[in-house]
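For reference, the structure is listed below as structure tokens.
The values are calculated or read from the model by the stated rules, or taken from the named source; none is laboratory data. Quantities reported herein were computed from a predicted structural model and do not represent experimental measurements. With ideal geometry, Cβ positions are generated from the backbone for all residues, glycine too; neighbour counts draw on all protein chains shown. For accessibility, only protein heavy atoms count, side chains too; no ligands or nucleic acids. Shrake-Rupley method; radii C 1.70, N 1.55, O 1.52, S 1.80 Å.
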Amino acid sequence: MHQWIIALLGLLLTPAVLAFGDHGRWNDGWGQGVTEYSATVDDATYLYLSCRMGQLGRIELNQAGQAPTETVWLRIDGHTYPPLSSMVAGNDSKAFYGMWAALRAAKSLQAITQDGRSVELPVAGAQETLTAATDAAFGCAFPAPEPEPEPEPEPEPEPEQATAPLMFELQKSPGVLRVLSRNDQLAITGVTVNRGQCKVHEQTMGYDTKGNRIGYVPVFPLSLAFGKQAMFTMATRQCQVLEVVIHTDRGDAGYTFE
């Protein structure tokens, strides 16, 4: 009798630790006031979206053997959208609603992690599962005041652009920010720390080929190749770095620190 009860409990409890819904498609669920969506590859690999109080809470990629991450770019039919945190930081509701509409009509979908790994995700069932932003039942609005409406179904063609996300490794110390590039050759055109509250020096002492000083020269634009590192100094060592946006000739990359 006891063995039968233990076996029954095992069957009831086991699914709770797995991704909900069918494999190879989008699924939805609801519980404790949270609407959940999942693009499920298998029990261990899936893209998870949660919505609460009428707003999208998070987008998270789960993979076997990897810690869940919210720093994930979505490549939909060849177009790459930034992580939700970057869209919120830039109050970019247009990009968010464009991404949502693209998700519903996607023919291909990949998630790209910060270290450049790409995960193929299913698109089956997306349109039926994800409520349109124009629908009265839509409950995953952009988490910012007064979100803009969903873009027109047929926007003007955008210019060709690199689809690979920008990837940098950042290290901070009092008054100093070190940036390691994991991108092909690009130019850093500026660095914004704490939304401009911490100023980054835009000039530095220059030297000629013989090591002689030639006076102050502009820091930006700064050419940086793959694997190369740059060091930027701030006007004060007392700045507590919480948010960094790296501006480049290929777009911006945003980072936050605990």
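Per-structure values
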quantity: Restricting the stretch 230-247 to residues that are over 12 Å from residue 192 (Cβ atoms) and β-branched (Val, Ile, Thr), the residue that is nearest to the chain's Cα centre (by Cα); calculated: 233
quantity: Top-ranked residue in the stretch 204-223 [being part of a loop (DSSP other than H, G, I, E, B) and either on the phi < 0 side of the Ramachandran plot or touching a strand residue (DSSP E or B) at 6+ places or on another chain (Cβ under 7 Å) (or both); ranked as most open to solvent (accessible area, probe 1.4 Å)]; calculated: 210
quantity: Of all residues making up the stretch 122-131, the number that are at positive phi and surrounded by fewer than 17 Cβ atoms within 10 Å (Cβ to Cβ); calculated: 0
quantity: Search result, residues across the stretch 130-172 that are of a type outside the set (A, V, I, L, M, F, W, C), at pLDDT below 90 and touching a helix residue (DSSP H, G or I) at 6+ places or on another chain (Cβ under 9 Å); calculated: 143, 146, 147, 148, 149, 150, 151, 153, 155
quantity: Residue that is surrounded by the most Cβ atoms within 10 Å (Cβ to Cβ) [pool: residues in the stretch 165-190 that are without any contact (Cβ under 8 Å) to a residue 60 or more places away in the chain and in contact with an Asp or Glu (Cβ under 9 Å, 6 or more places away or on another chain)]; calculated: 181
quantity: Spans of strands (runs of 3 or more DSSP E) in the stretch 26-104 with at least 2 residues touching a residue at least 24 places away in the same chain (Cβ under 8 Å) and surrounded by 20 or more Cβ atoms within 10 Å (Cβ to Cβ); calculated: 34-40, 46-52, 55-63, 72-76
quantity: Tally, over the stretch 111-121, of residues that are open to solvent by 20 Å² or more (accessible area, probe 1.4 Å) and on the phi < 0 side of the Ramachandran plot; calculated: 5
quantity: Conditions (1) open to solvent by 30 Å² or more (accessible area, probe 1.4 Å); (2) without any contact (Cβ under 8 Å) to a residue 12 or more places away in the chain; number of the one not met by residue 226; calculated: (2)
